[in-house]
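Asker: Please see the structure below; I have some questions.
The values are calculated or read from the model by the stated rules, or taken from the named source; none is laboratory data. Keep in mind that what you see is a predicted model, and the values were worked out from it rather than measured. Cβ atoms come from the backbone with ideal geometry, glycine included; neighbour counts cover every protein chain shown. We work out accessible area using only protein heavy atoms, side chains counted, and drop any ligands, DNA or RNA first. Shrake-Rupley method; radii C 1.70, N 1.55, O 1.52, S 1.80 Å.
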Amino acid sequence: MQLHFHDSARRQKVPFQPIDPNHVRLYVCGPTVYDLAHLGNARPNVVFDVLARLLRREFPRVTYVRNITDVDDKINARSRESGEPISAITARTTADFHADMAALNCLPPDVEPRATASIPEMITLIERLIANGHAYAAEGHVLFSVASYPDYGKLSGRSPDELLAGARVDVAPYKRDPGDFVLWKPSDDTTPGWDSPWGRGRPGWHIECSAMSWKHLGEDFDIHGGGHDLIFPHHENEVAQSCCAFPGSHFAHLWMHNGMLLVNGEKMSKSLGNFLTLRDILSRGPWAGEAFRLLLLKTHYRAALDYTAERLDEARAELDDHYALLARDLPEPEEGDETVADMVAWALEPLADDLNTPLVIARLRDLRALENVMQVGGSMTTVLSRSGRDWKPKPGQAGAALRLAANVIGLLPSDPMAWRQGGAGDDAEIEAAIQARLAARAARDWAEADRIRAELASKGILLEDGKGTTTWRRA
Ligand SMILES: [Zn+2]
């Protein structure tokens, strides 16, 4: 099916034409690992997880890259405040992030590069920018010269005057232009640093994403995603760096940005007291990860989304209804059943229209209604007229289609009976998994330890590591 997406750069919905239809390439800005993910962080990850799942259905090969920013002044500041080593902060926060994403049923990206593993590529890019006349070194810093790139401001739609007004009042003396931004900065002995042609230092945030997307996807790739708040300056600067380092390239061919997340109608902030981490939501119960995912997808990704506890309860009730139907002993349709396939195609069709997940979710409810008619009687006229199809469903078909279509957007993955019993396996099983994880940690097999932690988190079991012991609780 022909996909259409809204492109932030062209400011309109456009047909999606991959550069190479045999290999679609997607880059999404990942977390800066210094603290637990908050509700706003969850939204892009769920939105672009749905996009990656859709692309994988439509194209033979997809490479989805989402980075980990593990060098950043916020991390350095956190380490100074708490005394915890930087490596411990980033390792713990990365593991927490993975567990949270698993609890939201987000599939891991194909590549998850860490910024600290891509420093040579960043230095190469900066050297190219200097050689091409787009960057200059001054007092141990390297700065990108915005005046050298006439298209600067195009992605965000800001005029030169607006850009100037946006530049900070307190401009560093080594900047030629107030809007010039940092590519590299010097590190003292207490700050992480790498040797470079400009002395020991560390990268600015923007160059990290230009380097990691180039390393893993090439100079040109299909889609760049992220939160709306990243368009300026982060994405504007990524475009400038990459297009100037590789003259003639276009960097991302399509830009997708999700809207903001509000809590109780207001922007989330610690001072307003409405700041919620994902863990706050997941601790509501084993159902909460999937219910929050459904809540997110019930609003179109480009619209602002308002989180309230009532909406979470509504999403849970909707999942309860779906699972209650699936928990019945429905007859299993045959493999390749054409009616089921057509029902699934109908339910998922709105994804092709700029990821219209709210309409997909409405159609899932219609499929449930159809199956309910099969089970308990009633009229299916309304649903059939809405679908424009002349299905003559047999028991089990709409129920099977409901599950198959929901799975494509990462919903209804749980065992219906387990869902109804409140999720998760029995205590002995959990203890066995914890012992296996401790063994993996003892063997320094961090990947396996993280995998077990994430698997438990996906079942609503949260681990807390103490001195030599691990305790668990139901989320
Ligand atoms: Zn980025």
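Asker: Quick check on Ser213: is it in the same structural domain as Ile68 (by TED's automatic domain parsing) and more than 9 Å from the ligand (Cβ to nearest atom)?
Answerer: Numbers: in the same structural domain as Ile68 (by TED's automatic domain parsing): yes; more than 9 Å from the ligand (Cβ to nearest atom): no.
Against the criterion (in the same structural domain as Ile68 (by TED's automatic domain parsing) and more than 9 Å from the ligand (Cβ to nearest atom)), Ser213 does not qualify.
Asker: Here are some conditions: (1) modelled with pLDDT under 95; (2) surrounded by fewer than 20 Cβ atoms within 10 Å (Cβ to Cβ). Pro192 meets all but one. Which one does it not meet?
Answerer: (1)
Asker: Say we look at region 367-411 and pick out the residues that are farther than 19 Å from Glu332 by Cα and among the charged types (D, E, K, R); which of these is least open to solvent (accessible area, probe 1.4 Å)?
Answerer: Of everything passing the filter in region 367-411, Arg389 is least open to solvent (accessible area, probe 1.4 Å).
Asker: Checking the conditions here, which among Arg284, Arg279 is among the basic types (Lys, Arg) and outside any loop (DSSP other than H, G, I, E, B)?
Answerer: Values: Arg284 fails: outside any loop (DSSP other than H, G, I, E, B).
Of Arg284, Arg279, the one residue that is among the basic types (Lys, Arg) and outside any loop (DSSP other than H, G, I, E, B) is Arg279.
Asker: So, in region 314-346, of the ones that are assigned to a helix (DSSP H, G or I) and of a type in the set (D, E, K, R), which residue ends up surrounded by the fewest Cβ atoms within 10 Å (Cβ to Cβ)?
Answerer: Residues of region 314-346 assigned to a helix (DSSP H, G or I): 314-326, 338-346.
If we keep only those that are of a type in the set (D, E, K, R) too, we end up with 314, 316, 318, 320-321, 338, 342.
Details: Glu314: 15, Arg316: 19, Glu318: 19, Asp320: 14, Asp321: 13, Glu338: 10, Asp342: 15.
Selected residue: Glu338.
Asker: Still on this model: Restricting the search to region 120-153, which residues are touching an Asp or Glu at 6+ places or on another chain (Cβ under 8 Å) and open to solvent by 60 Å² or more (accessible area, probe 1.4 Å)?
Answerer: We begin by selecting, within region 120-153, every residue touching an Asp or Glu at 6+ places or on another chain (Cβ under 8 Å); these are 122, 143-147, 152-153.
Passing the criteria: only Ala147.
Condition check ((1) of a type in the set (Ser, Thr, Tyr); (2) more than 16 Å from the ligand (Cβ to nearest atom); (3) within 15 Å of Gly40 (Cα to Cα)) across all residues:
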position: Phe232; (1), (2), (3): no, no, no
position: Ser271; (1), (2), (3): yes, yes, no
position: Leu305; (1), (2), (3): no, yes, yes
position: Glu318; (1), (2), (3): no, yes, no
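Asker: Also, I was wondering about something else. Out of region 74-117, which residues are open to solvent by less than 40 Å² (accessible area, probe 1.4 Å) and either of a type in the set (D, E, K, R) or within 14 Å of Asp450 (Cβ to Cβ) (or both)?
Answerer: If the condition is that a residue be open to solvent by less than 40 Å² (accessible area, probe 1.4 Å) and either of a type in the set (D, E, K, R) or within 14 Å of Asp450 (Cβ to Cβ) (or both), then Thr90, Thr93, Thr94, Ala95, Asp96, Phe97, Ala99, Asp100, Met101, Ala102, Ala103 are the ones that fit.
Asker: Something else about it: Is one or more of the residues making up region 164-180 within 26 Å of Pro44 (Cα to Cα) and either open to solvent by less than 60 Å² (accessible area, probe 1.4 Å) or modelled with pLDDT of 95 or more (or both)?
Answerer: Looking only at region 164-180, we keep the residues that are within 26 Å of Pro44 (Cα to Cα), and these are 166.
After this cut, where a residue has to be either open to solvent by less than 60 Å² (accessible area, probe 1.4 Å) or modelled with pLDDT of 95 or more (or both) as well, the list is 166.
There is at least one residue in region 164-180 that is within 26 Å of Pro44 (Cα to Cα) and either open to solvent by less than 60 Å² (accessible area, probe 1.4 Å) or modelled with pLDDT of 95 or more (or both).
Table: residues versus (1) within 16 Å of the ligand (Cβ to nearest atom); (2) touching a strand residue (DSSP E or B) at 6+ places or on another chain (Cβ under 8 Å); (3) open to solvent by 40 Å² or more (accessible area, probe 1.4 Å); (4) assigned to a strand (DSSP E or B).
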residue: Arg10; (1), (2), (3), (4): no, no, yes, no
residue: Pro18; (1), (2), (3), (4): no, yes, no, no
residue: Pro21; (1), (2), (3), (4): no, no, yes, no
residue: Tyr27; (1), (2), (3), (4): yes, yes, no, yes
residue: Gly30; (1), (2), (3), (4): yes, yes, no, no
residue: Leu36; (1), (2), (3), (4): no, yes, yes, no
residue: Val50; (1), (2), (3), (4): no, no, no, no
residue: Val65; (1), (2), (3), (4): yes, yes, no, yes
residue: Val71; (1), (2), (3), (4): yes, yes, no, no
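Asker: Quick check: anything in region 418-436 hydrophobic (A, V, I, L, M, F, W, C), within 30 Å of Phe97 (Cα to Cα) and under 24 Å from the mean Cα position of the chain (by Cα)? Spell out the reasoning first.
Answerer: First, pick out the residues of region 418-436 that are hydrophobic (A, V, I, L, M, F, W, C): 418-419, 424, 428, 430, 432-434, 436.
Filter once more, keeping what is within 30 Å of Phe97 (Cα to Cα): 418-419, 424, 428, 430, 432-434, 436.
Next, from what is left, pick out any that are under 24 Å from the mean Cα position of the chain (by Cα): none.
The answer is no; no qualifying residue exists.
Asker: When region 265-278 is examined, which residues are found to be open to solvent by 40 Å² or more (accessible area, probe 1.4 Å) and either among the polar types (S, T, N, Q) or touching a residue at least 60 places away in the same chain (Cβ under 8 Å) (or both)? Write out each step before concluding.
Answerer: First, the residues of region 265-278 that are open to solvent by 40 Å² or more (accessible area, probe 1.4 Å): 265-267, 270-273, 275-276.
Scanning region 265-278 gives Ser271, Phe275, Leu276.
Asker: If only one of Asp450, Asp415, Asp445 is within 26 Å of Ala324 (Cα to Cα) and open to solvent by 40 Å² or more (accessible area, probe 1.4 Å), which one is it?
Answerer: After ruling out the rest, the residue left standing is Asp415.
Asker: Taking region 216-230, which residues are in contact with a Phe, Trp or Tyr (Cβ under 6 Å, 6 or more places away or on another chain) and within 11 Å of the ligand (Cβ to nearest atom)?
Answerer: Answer for region 216-230, where residues must be in contact with a Phe, Trp or Tyr (Cβ under 6 Å, 6 or more places away or on another chain) and within 11 Å of the ligand (Cβ to nearest atom): His224, Gly225.
Asker: Given the structure, is Val111 of a type in the set (A, V, I, L, M) and touching a His at 6+ places or on another chain (Cβ under 9 Å)?
Answerer: On the way: of a type in the set (A, V, I, L, M): yes; touching a His at 6+ places or on another chain (Cβ under 9 Å): yes.
Yes, satisfied.
Asker: Kindly list the number of the only condition in (1) within 22 Å of the chain's Cα centre (by Cα); (2) crowded, with 18+ Cβ neighbours inside 10 Å; (3) free of Cβ contacts under 8 Å to residues at least 60 places away in the same chain that fails for Ala303.
Answerer: (2)
Asker: In addition: Would you confirm, using the coordinates I've provided, whether Asp354 is under 30 Å from Pro15 (Cα atoms) and free of Cβ contacts under 8 Å to residues at least 40 places away in the same chain?
Answerer: Details: under 30 Å from Pro15 (Cα atoms): yes; free of Cβ contacts under 8 Å to residues at least 40 places away in the same chain: no.
Criteria not met by Asp354.
Asker: Just one of (1) closer than 19 Å to Glu290 by Cβ; (2) touching a Ser or Thr at 6+ places or on another chain (Cβ under 9 Å) trips up Asp49, so point out which.
Answerer: (2)
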